[in-house]
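Heads up: the structure comes next, in structure tokens.
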Amino acid sequence: MNYRYSKQREMVQSILNKKNYHPTVDELYDIVKVKYPKVSLATIYRNVEQLTDMGNIWKIEIPNEPARYDGNMEKHHHIKCTKCGSVNDVWMKNKLEDLIDLKEIEDNFSITGYKIEFEGICDSCNSTTN
């Protein structure tokens, strides 16, 4: 699908291209409205949906939380701090398919992809509890 040019969508893409940054739509809205005060929350939702459809960003879905978005399209995973809620990138040397035969996981499926989400406590939270 072809989408018309949008300066708000370009700004959202630019924000999401920052390394290791995974904002929610509300966080994106707060940033964009500084430069474009008349922008609506619906516009930001529409733009992240369009960018996701275009394959320019990833939608990170964490159970019981608002979706987050990632502009880094290289294959990687994420880790969420269970104390502060921050989400960071995880880079693995080995792919899952290098460790196990994906064809043996489920007979009735042809596996086309996977997502691994890690949980832990970030250094900032660890240092405040010690």
Discussion item. More than 13 angstrom separation, counting every C-alpha pair in segment 77-129; what % is that?
Written reply: 67
Practice prompt. Provide the gained length on full extension for the span Asn64 to Asp101, in nm with one decimal, where the gain is 0.36 nm per separating residue minus the Cα-Cα distance.
Written response: 10.2 nm
Worksheet item: Which value in Å does the Kirkwood hydrodynamic radius of the chain take, with 1/r averaged over all unlike C-alpha pairs and then inverted?
Response: 16.7
Worksheet item: For helix 25-35, what angle does its Cα long axis make with the longest principal axis of the chain, in degrees from 0 to 90 and rounded to 10?
Response: 30
Practice prompt. Could you work out the longest stretch of the chain that avoids the chymotrypsin sites (Phe, Trp or Tyr not before Pro) located in DSSP loops with at most 10 other Cβ atoms within 10 Å?
Written response: 6-90
Worksheet item: How many lysine pairs are close in segment 1-103, with Cα atoms under 17 Å apart and the two 8 or more places apart or on different chains?
Response: 13
Worksheet item: Mind checking the angle between helix 41-53 and the chain's longest principal axis? C-alpha axes, 0 to 90 degrees, to the nearest 10.
Response: 40
Worksheet item: Given DSSP loops and a limit of at most 12 other Cβ atoms within 10 Å, what is the longest stretch of the chain that contains no such GluC sites (Glu not before Pro)?
Response: 1-60
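Every read-out reported here was derived from the displayed coordinates using simple, explicitly stated rules and does not represent laboratory data. Values in this document were obtained by computation on a predicted structure and should not be read as measured data. Positions of Cβ are backbone-derived with ideal geometry, glycine not excepted, and every protein chain shown enters the neighbour counts.
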